[in-house]
Amino acid sequence: MAAVRFTAGILVFLLPAAVLSYGFPAALKLERAVPANHEMEISQLKARDRARHGRLLQSLGGVIDFPVDGTFDPFVVGLYYTKLRLGSPPRDFYVQVDTGSDVLWVSCASCNGCPQTSGLQIQLNFFDPGSSVTATPVSCSDQRCSWGVQSSDSGCSVQNNLCAYTFQYGDGSGTSGFYVSDVLQFDMIVGSSLVPNSTAQVVFGCSTSQTGDLVKSDRAVDGIFGFGQQGMSVISQLASQGLAPRVFSHCLKGENGGGGILVLGEIVEPNIVFTPLVPSQPHYNVNLLSISVNGQALPINPSVFSTSNGQGTIIDTGTTLAYLSEAAYVPFVEAITNAVSQSVRPVVSKGNQCYVIATSVANIFPPVSLNFAGGATMFLNPQDYLIQQNNVGGTVVWCIGFQRIQNQGITILGDLVLKDKIFVYDLVGQRIGWANYDCSMSVNVSATSSSGRSEYVNAGQFSDNAAPQSVSLDIVGNTLMLLLIMFIMYTVLFGRRRVICGRRRVIFSRPAKPSRRKVHFFVVCFCLCFHSIVI
């Protein structure tokens, strides 16, 4: 397709104060930013706007929006992941969204045992520090190396003076490598404008070795995106640079292919309830007080959920299902089974409590509520604690998705529970909030700028080259201001004139006769004002 070209007619609009006084202004300065005989392509005009938006970012933090793919369903994917752009020139890397760890790492070009292909139908990449002109290894003497040392994940490699790391995850998998500093490219939303290809220098891991489930190709990704609170996490790094607030939110879609929303910013939803984070914990620990089934509290000793000596309740997007200690799991399963025993056929499959049913689970299974400190309650529908196993001859087998953890007082709330809800991680206020939500819909997000002003934007409906589909709150105020200015200008240009007649000074009015010059002036002013609001 041939490139569409415009004859440049870009005008810099300067409105003197005289416009707001009665009478036609003496001078209205309209200048061409580009010579009239010069032609520009749309791509050039967009580049000019992006440069302007980039200047705005130097003084105003915004909302950083990441795409989300994947699903909670362990029989399909069993994880949620996003796409990052790293290096110069940028390359795409698919990384799992994990609130249970701190560090962002991707597979390195020299990785030993890293998967080459993925069953998720994504192209795996390997980060090569030598191929990025902006990449630099983090040395042992670099102050940033101490961020990882504080969490006992990092150390110094005596052989090459590189800041190295080793991570072991709860499922037995692990990775090791070294830290590099390079450019992260992302899309930022400032006000009502999408500002693509924004950049920031961040430290992340370059993995040279992987073990356990990380090497399996069926659901392999390029790495893990840790959203913990430590200084090495990307959210902490971006916040320290003034590019993002110390709050992030997600809304993970459960059905119809999964996906969802992930933003550095606070999703604003009136039904969100908050519970405080347990202080001085390495994970996002919250105080779970009790569990209720059908409105009845289960007979569980509260000490089972207490946060001490490595125990407590953790919110973790890197976990697919949900886990309860033995003392909480048994009464939970018994209460569910007793509530549905007259309508289903209970069976045990591979050690899991399952149920054979011939109708919708929503019509049979009871609601469950998790009750937290601060009066916050998380309401679970049957699909939030059940997993569909199979479908045979018109009957469906559903199993309890909560698993038992023996000899450990740990409760882990994974994607099974977290899906179809807004979650807000307020690191400044040290609290976590949630609300049931249809994650296929867009959301309003707030970010506090460096000037202390809150920006409200709409996220969740962005494409790579599109602006927000919904109008932000700023547009409403600007539109009202435009209408007011246009009303004043119309009154000045076309309003009724005062006429003094005769010696008796009789005053009457008559409509002003509009000249062609005034009409042209009014149209130009309206178009330029409207353009400034839309842009």
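The values are calculated or read from the model by the stated rules, or taken from the named source; none is laboratory data. If you're wondering where the values come from, they're calculated on a predicted model, not measured in any experiment. With ideal geometry, Cβ positions are generated from the backbone for all residues, glycine too; neighbour counts draw on all protein chains shown. These accessible areas exclude ligands, DNA and RNA; they are computed on the full protein's heavy atoms, side chains included. Shrake-Rupley method; radii C 1.70, N 1.55, O 1.52, S 1.80 Å.
Things worth noting here:
- For segment 314-445: accessible area per residue (Å², 1.4 Å): 39 Å²
- Close amide-amide hydrogen proximity is noted between Leu277 and Arg431, Ile432, each under 5 Å apart and 5 or more residues distant or on a separate chain (H modeled in the peptide plane; Pro and chain starts excluded).
- Using the Karplus relation 6.51 cos²θ - 1.76 cosθ + 1.60 with θ = phi - 60°, the per-residue 3J(HN,Hα) values for segment 317-333 come to 6, x, 9, 6, 9, 9, 9, 10, 5, 4, 5, 9, 5, 4, x, 5, 5 Hz, with x marking Gly and Pro.
- For segment 91-187, the direction-averaged projected area of the alpha-carbon convex hull comes to 7.7 nm².
- Here the Karplus relation 6.51 cos²θ - 1.76 cosθ + 1.60, evaluated at θ = phi - 60°, turns the backbone of segment 116-131 into coupling constants of 9, 9, 9, x, 7, 6, 10, 8, 7, 10, 10, 7, 10, x, x, 9 Hz, with x for every Gly and Pro.
- Karplus-derived HN-Hα couplings along segment 290-295 (A = 6.51, B = -1.76, C = 1.60, θ = phi - 60°), whole Hz, x at Gly and Pro: 6, 10, 10, 10, 6, x
- Approximating the spin labels as points 7 Å out from Cα along Cα→Cβ, the Val273-to-Thr134 distance works out to 4.4 nm.
- Of Lys83/Lys419; Lys216/Lys421; Lys253/Lys350, those spanning more than 22 Å from alpha-carbon to alpha-carbon: Lys216/Lys421; Lys253/Lys350
- Split the accessible area of segment 272-412 by element, probe 1.4 Å, and carbon with sulfur accounts for 49%.
- Between Gln430 and Ala297, the distance separating the two model label sites (each 7 Å from Cα on the Cα→Cβ line) works out to 2.6 nm.
- Stretch gain in nm, segment Asn160-Gln241, where the contour uses 0.36 nm per residue and the Cα spacing is subtracted: 26.3 nm
- For segment 278-379, alpha-carbon Rg relative to the globular expectation (2.2 N^0.38 Å, N residues): 1.19
- Amide proton proximity set for Ser139, modelled H, under 5 Å, gap of 5+: Cys163
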